[in-house]
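Here's the structure we're looking at; comments come further down.
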């Protein structure tokens with residue numbers, strides 16, 4: 001179980017994008033990487049295809065290592081490690097290590 005999931009807000013803690021925040025668009029668990037919105041942008045030279053009529057240079061997000069991001073807590077609004085807590089009904093939920101707030105809703 002990864003400490004980040006799609007839709008989470010994360011902060012980048014290492015690399016040239018350090019300090020930026022964004023929403024997780026995709027998680028690639030096999031590669032141990034995540035794609036974060038508007039972070040680690042790259043230019044791709046795209047040739048025209050049936051789908052993409054207009055070719056050219058497009059900008060898109062590249063994957064970051066999952067070890068370079070930390071989850072941002074909704075309550076304390078700080079980047080913190082995520083702990084795991086087992087609830088009374090047997091469900092596992094992620095909790096903020098700074099304030100103890102449950103991150104997973106539902």
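Applying the criterion of being over 18 Å from the mean Cα position of the chain (by Cα) and assigned to a loop (DSSP other than H, G, I, E, B) to the residues of segment 54-63, the residue that is surrounded by the fewest Cβ atoms within 10 Å (Cβ to Cβ) is 54. Condition test on residue 3, is it over 26 Å from residue 100 (Cα atoms) and either outside any loop (DSSP other than H, G, I, E, B) or not assigned by TED's automatic domain parsing to the domain that holds residue 101 (or both)? The answer is no for residue 3. Taken together, the residues in segment 64-87 that are surrounded by 17 or more Cβ atoms within 10 Å (Cβ to Cβ) and without any contact (Cβ under 8 Å) to a residue 40 or more places away in the chain amount to 2. The residues in segment 6-23 that are touching a residue at least 24 places away in the same chain (Cβ under 8 Å) and not in a loop (DSSP other than H, G, I, E, B) can be counted, and the count is 5. Scanning segment 1-16 for residues that are out of contact with any helix residue (DSSP H, G or I) (no Cβ under 8 Å at 6 or more places or on another chain) and surrounded by 13 or more Cβ atoms within 10 Å (Cβ to Cβ) yields 5, 8, 9, 10, 11.
The values are calculated or read from the model by the stated rules, or taken from the named source; none is laboratory data. As the structure is a computational prediction, the values presented were derived from the model and not from experiment. Cβ coordinates were reconstructed from backbone atoms using ideal geometry, including for glycine residues, and neighbour counts include every protein chain displayed.
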